1. How far, in degrees from 0 to 90, does helix 37-67 lean away from the longest principal axis of the Cα atoms of the chain, to the nearest 10?
2. How long are the semi-axes of the equivalent ellipsoid of the range 32-94, taking √(5λ) for every eigenvalue λ of the Cα gyration tensor, in whole Å from largest down?
3. Which entries of Lys12/Lys95; Lys2/Lys56; Lys2/Lys76; Lys40/Lys76; Lys32/Lys74; Lys32/Lys56 have Cα-Cα distances beyond 32 Å here?
4. Where does the charge balance sit around Glu53 when Lys and Arg score +1, Asp and Glu -1, over other residues with C-beta under 10 Å from its C-beta?
5. As I understand it, the value is the acute angle between the Cα axis of helix 4-32 and the longest principal axis of the Cα atoms of the chain; what does it come to in degrees, rounded to 10?
6. Keeping all protein chains in place, calculate the accessible area per residue for the chain (probe 1.4 angstrom), answer in Å².
7. Of all accessible surface on the chain at a 1.4 Å probe, what whole percent is carbon and sulfur?
8. What percentages make up the Cα-Cα pair-distance distribution of the chain when the bins are 10 Å wide from 0?
Amino acid sequence: MKYDKLLEAVKKLHAAQRRADKASENYHAARKQEASTSRKAALNDKLVIECWERDKALDLVHCELVNAGIAEPKDKTAYAPREITQSAGHGHSVKFLYHPPKPESIQFSTPA
């Protein structure tokens with residue numbers, strides 16, 4: 001059924017949001033307790049990672065909503081690969097290419 005993938009995507013989003021909320025609570029609690037700088041940095045990194053996972057889950061839910069015929073697709077530039085820079089702690093960062101999920105029902109023309 002076409003809603004099975006949507007249901008799985010929503011479950012993933014729900015779990016990702018719960019993890020992001022928990023990471024946010026932990027980070028703010030550490031700030032109030034005046035935790036060490038390294039502890040706050042580690043919790044901040046964890047929060048950033050969990051928020052990124054939630055954002056990816058949001059992209060997947062929207063994709064599945066479009067596949068199910070419930071939502072309209074975004075502009076095709078929203079589905080283009082983009083470079084993401086994420087903190088890796090201790091002043092380091094990681095860059096990677098993110099490919100947002102593309103709806104199956106949408107045909108994208110490729111440049112000639």
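1. Rounded to the nearest ten degrees, it is 10.
2. Details: eigenvalues 227, 43, 9 Å².
In descending order, the three semi-axes are 34, 15, 7 Å.
3. Values: Lys12/Lys95 24 Å; Lys2/Lys56 21 Å; Lys2/Lys76 23 Å; Lys40/Lys76 38 Å; Lys32/Lys74 40 Å; Lys32/Lys56 30 Å.
In this structure, Lys40/Lys76; Lys32/Lys74 exceed 32 Å between Cα atoms.
4. On the way: positive: Lys12, Arg19, Arg54, Lys56; negative: Glu50, Asp55.
Charge balance in the 10 Å sphere: +2.
5. 20 degrees
6. Values: 7940 Å² over 112 residues.
Value returned for the chain: 71 Å² of accessible area per residue.
7. Details: 4260 of 7940 Å².
That fraction is 54 percent.
8. 14, 32, 30, 17, 7, 1
The values are calculated or read from the model by the stated rules, or taken from the named source; none is laboratory data. These numbers come from a predicted model, not from an experiment. Ideal geometry is used to build each Cβ from the backbone, glycine not excepted, and the neighbour counts take in all protein chains shown. The protein model used for the area step is the full one, side chains on, heavy atoms only, and it has no ligands, DNA or RNA in it. Shrake-Rupley method; radii C 1.70, N 1.55, O 1.52, S 1.80 Å.
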